[in-house]
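Participant: First, the structure itself, so that you have it in front of you.
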2 protein chains.
Amino acid sequence: MDLVIVGSVALDAVKTPYGQVDRVLGGSAVYASMAARYFCRPGIVGVVGEDFPAEYLKLIKDQEIDTSGLQTRKGKTFFWKGNYNNMNCAETLDTQLNVFADFDPIIPQEYRKTKYIFLGNIDPVLQLEVLQQVENPDLTAMDTMNFWINGKRSELLEVIKKIDVLFINEDELRMLTVEKNILKAAKEALEYGPQLIVCKRGEYGAFVFGEDFLFYCPAYPIFDVIDPTGAGDSFAGGFLGYLAQAGKIDKESFKKAMQLGTITASFCVEDFSLNKLSKIELKKIEARAGSLQKYVSFK
Amino acid sequence: MDLVIVGSVALDAVKTPYGQVDRVLGGSAVYASMAARYFCRPGIVGVVGEDFPAEYLKLIKDQEIDTSGLQTRKGKTFFWKGNYNNMNCAETLDTQLNVFADFDPIIPQEYRKTKYIFLGNIDPVLQLEVLQQVENPDLTAMDTMNFWINGKRSELLEVIKKIDVLFINEDELRMLTVEKNILKAAKEALEYGPQLIVCKRGEYGAFVFGEDFLFYCPAYPIFDVIDPTGAGDSFAGGFLGYLAQAGKIDKESFKKAMQLGTITASFCVEDFSLNKLSKIELKKIEARAGSLQKYVSFK
């Protein structure tokens with residue numbers, strides 16, 4: 001196991017200007033692991049209900065994503081329903097936590113020595129519990145959202161203090177730090193403890209901020225964004241999957257991780273659910289990574 | 001004369017979270033020429049009223065900006081009053097066209113063979129008049145705004161058809177083309193006639209789009225944005241000033257132009273009015289240009 005990914009496994013109903021889908025595979029842990037698996041062997045820690053379709057489980061397993069940390073509980077799978085009128089911002093129409101309401105993330109024994117850990121966007125109390133179960137990882141990363149920033153700020157700050165890489169979108173970074181200037185916000189967040197802030201900016205790409213380190217990466221140009229769901233998680237998954245593969249934690253690796261996270265996210269948004277992200281040819285990842293480099297190169 | 005810049009010369013009253021100023025020097029032609037003059041010899045075509053302070057005229061002339069195209073008319077100078085609660089978007093509180101209402105852009109004889117022309121954001125009818133007065137330029141560029149897109153669309157499209165480079169912000173590009181996806185919008189706008197679309201995205205930077213050409217440039221990181229007024233014009237001025245200096249129109253020059261426009265804009269926003277943009281040391285421009293390259297380099 002190279003990378004443990006803790007997060008939601010969901011059934012989603014999504015509507016965008018390009019169509020709509022119902023009860024399709026989704027969730028932060030699924031998107032992140034599906035992106036990571038192009039670079040390393042990820043394992044999921046999550047929970048599903050008895051209604052979780054066998055074909056979805058098969059899809060996950062077929063991609064060589066380890067599911068020994070995926071619990072099945074009595075009840076229904078976490079359900080999210082969202083609408084994108086504006087492709088930069090989902091409108092949540094319904095959230096049914098179901099079995100996720102009592103999720104108790106238990107890290108299987110064989111995951112506990114894993115060197116790379118991603119805490120997807122879940123309750124910071126659970127994120128802390130996960131950290132207590134893992135032994136001496138090389139790199140821990142987390143994501144979060146406005147709900148926890150507003151509702152469980154002190155618990156959230158406790159997790160942020162303990163991890164290495166904070167993935168956060170720009171509005172939430174401003175909310176967390178109460179700084180309007182995004183660079184000041186990143187600088188402030190760095191003082192909470194992480195080595196690195198990865199600020200996600202949707203169609204504008206992302207930047208990474210650390211001590212004496214700043215690197216911008218645009219989004220890969222996609223003319224037909226079909227469904228943005230999972231873009232942030234597939235970005236984080238590609239990012240961490242590459243790091244776990246490289247086994248190095250330095251500026252050069254972070255830049256490459258930004259590049260590959262950007263590319264996995266670009267495939268994610270080109271279709272609903274995991275339809276595209278689950279079947280990318282490696283040579284297409286390489287081709288887009290090469291193009292992206294050209295789009296920013298001054299030479 | 002290397003670059004003719006047609007546009008407004010204004011007195012501005014601006015309020016931002018960092019302070020406020022009244023009747024300070026502003027206007028698209030002033031910001032653009034002040035940025036361009038670090039790279040070439042620009043000349044302004046515009047109009048001021050009898051109230052235009054002698055010290056502002058001196059400031060412009062002292063920067064070796066040619067003012068033989070700057071008319072003085074009976075009446076008051078164009079006045080704009082704006083407020084920035086959000087640094088990405090000005091709220092216009094007052095616009096007094098004054099002498100600008102009857103502006104008749106007359107290109108002085110000695111400007112007519114100039115090879116580089118920038119049509120700042122003015123009435124497209126006037127932009128067309130300027131184009132009719134110049135002889136065989138190497139490169140013509142223009143800026144515009146929502147007011148003309150909505151109010152004088154057919155005249156605007158006529159200018160766009162005739163010029164080489166369209167500077168436009170992303171909201172206005174979407175408005176112009178009725179395309180939501182910004183890349184599709186740029187592709188559509190390219191079909192209106194220009195060689196190149198330069199899409200300005202405020203704090204996210206800019207991208208340039210042409211046939212078989214796409215290049216992204218982030219904004220230079222500024223922790224203390226004091227006043228965003230003139231950022232777009234100083235970007236265009238630096239961009240075109242560099243091209244006029246280089247005397248080459250190719251992809252490599254466009255990339256360098258993006259870089260230097262980004263840098264002149266970064267100085268512009270660090271103080272009110274032209275306070276900083278009018279006195280940058282060249283070595284500081286070079287230093288920021290070098291840093292910017294580092295912030296996007298995968299190496």
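The values are calculated or read from the model by the stated rules, or taken from the named source; none is laboratory data. Being a predicted model, the structure only gives us computed values, none of them experimental. Ideal geometry is used to build each Cβ from the backbone, glycine not excepted, and the neighbour counts take in all protein chains shown. Surface areas here come from the heavy atoms of the whole protein model, side chains and all, with no ligands, DNA or RNA. Shrake-Rupley method; radii C 1.70, N 1.55, O 1.52, S 1.80 Å.
Participant: Considering the range B:170-203 alone, what residues qualify as being free of Cβ contacts under 8 Å to residues at least 24 places away in the same chain, out of contact with any Phe, Trp or Tyr (no Cβ under 9 Å at 6 or more places or on another chain) and farther than 29 Å from B:P221 by Cα?
Facilitator: Within the range B:170-203, B:V178, B:E179, B:E188, B:E191 qualify.
Participant: Got a sec? Which of A:F235, A:F239, A:F267, A:F254 is within 11 Å of chain B (Cβ to nearest Cβ) and either at pLDDT 95 or above or surrounded by fewer than 24 Cβ atoms within 10 Å (Cβ to Cβ) (or both)? Before the answer, list the steps.
Facilitator: On the way: A:F235 fails: within 11 Å of chain B (Cβ to nearest Cβ); A:F239 fails: within 11 Å of chain B (Cβ to nearest Cβ); A:F267 fails: within 11 Å of chain B (Cβ to nearest Cβ).
It is A:F254.
Participant: Could you please let me know if B:E110 is charged (D, E, K, R), open to solvent by 10 Å² or more (accessible area, probe 1.4 Å), free of Cβ contacts under 8 Å to residues at least 40 places away in the same chain and away from chain A (no Cβ under 14 Å)? Steps first, answer last, please.
Facilitator: On the way: charged (D, E, K, R): yes; open to solvent by 10 Å² or more (accessible area, probe 1.4 Å): yes; free of Cβ contacts under 8 Å to residues at least 40 places away in the same chain: no; away from chain A (no Cβ under 14 Å): yes.
No, not satisfied.
Participant: Follow-up question, since we're still on this one. Can you tell me how many residues in the range B:158-192 are assigned to a loop (DSSP other than H, G, I, E, B) and within 29 Å of B:F267 (Cα to Cα)? If you could, list the steps in order and put the result at the bottom.
Facilitator: Pass one, the range B:158-192, residues assigned to a loop (DSSP other than H, G, I, E, B): B:163-164, B:178-181, B:191-192.
Cutting the leftovers down to within 29 Å of B:F267 (Cα to Cα) gives us B:163-164.
Summing the residues that are assigned to a loop (DSSP other than H, G, I, E, B) and within 29 Å of B:F267 (Cα to Cα) in the range B:158-192 gives 2.
Participant: Turning to a different aspect of this structure: Could you check how many residues of the range A:201-223 are in contact with an Asp or Glu (Cβ under 7 Å, 6 or more places away or on another chain) and either within 20 Å of A:K255 (Cβ to Cβ) or open to solvent by 20 Å² or more (accessible area, probe 1.4 Å) (or both)? Break it down stepwise before answering.
Facilitator: At the first step, the residues of the range A:201-223 found to be in contact with an Asp or Glu (Cβ under 7 Å, 6 or more places away or on another chain) are A:201, A:219, A:222.
So of that shortlist, the ones also either within 20 Å of A:K255 (Cβ to Cβ) or open to solvent by 20 Å² or more (accessible area, probe 1.4 Å) (or both) come out as A:201, A:219.
Residues in the range A:201-223 being in contact with an Asp or Glu (Cβ under 7 Å, 6 or more places away or on another chain) and either within 20 Å of A:K255 (Cβ to Cβ) or open to solvent by 20 Å² or more (accessible area, probe 1.4 Å) (or both): 2 in total.
Participant: If only one of B:L128, B:L176 is under 23 Å from B:G205 (Cβ atoms), out of contact with any strand residue (DSSP E or B) (no Cβ under 6 Å at 6 or more places or on another chain) and not aromatic (F, W, Y), which one is it? Before the answer, list the steps.
Facilitator: Values: B:L128 fails: under 23 Å from B:G205 (Cβ atoms).
After applying the criteria, what remains is B:L176.
Participant: Here's something else I'd like to know. Consider the range A:196-225. How many of its residues are away from chain B (no Cβ under 11 Å) and either within 23 Å of A:A29 (Cβ to Cβ) or under 18 Å from the mean Cα position of the chain (by Cα) (or both)?
Facilitator: Total meeting the criteria: 5.
Participant: Any idea which residue in the range B:271-293 is farthest from the other protein chains (Cβ to nearest Cβ), counting only those that are of a type in the set (D, E, K, R) and more than 17 Å from the chain's Cα centre (by Cα)?
Facilitator: Looking only at the range B:271-293, we keep the residues that are of a type in the set (D, E, K, R), and these are B:271, B:276, B:279, B:281, B:283-284, B:286, B:288.
Still in the running and more than 17 Å from the chain's Cα centre (by Cα): B:271, B:279, B:281, B:283-284, B:286, B:288.
Numbers: B:D271: 16, B:K279: 24, B:E281: 22, B:K283: 19, B:K284: 18, B:E286: 14, B:R288: 13 Å.
Among those residues, the one meeting the criterion is B:K279.
Participant: If B:V296 meets every condition in (1) of a type in the set (A, V, I, L, M, F, W, C); (2) facing chain A (nearest Cβ under 10 Å); (3) touching a Lys or Arg at 6+ places or on another chain (Cβ under 6 Å) apart from one, which number is that one?
Facilitator: (3)
Okay, residues lined up against (1) crowded, with 24+ Cβ neighbours inside 10 Å; (2) over 26 Å from B:I226 (Cα atoms); (3) among the aliphatic types (A, V, I, L, M):
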{"residue": "B:G7", "(1), (2), (3)": "yes, no, no"}
{"residue": "B:L11", "(1), (2), (3)": "yes, no, yes"}
{"residue": "B:R23", "(1), (2), (3)": "no, no, no"}
{"residue": "B:A32", "(1), (2), (3)": "yes, no, yes"}
{"residue": "B:A35", "(1), (2), (3)": "yes, no, yes"}
{"residue": "B:D62", "(1), (2), (3)": "no, no, no"}
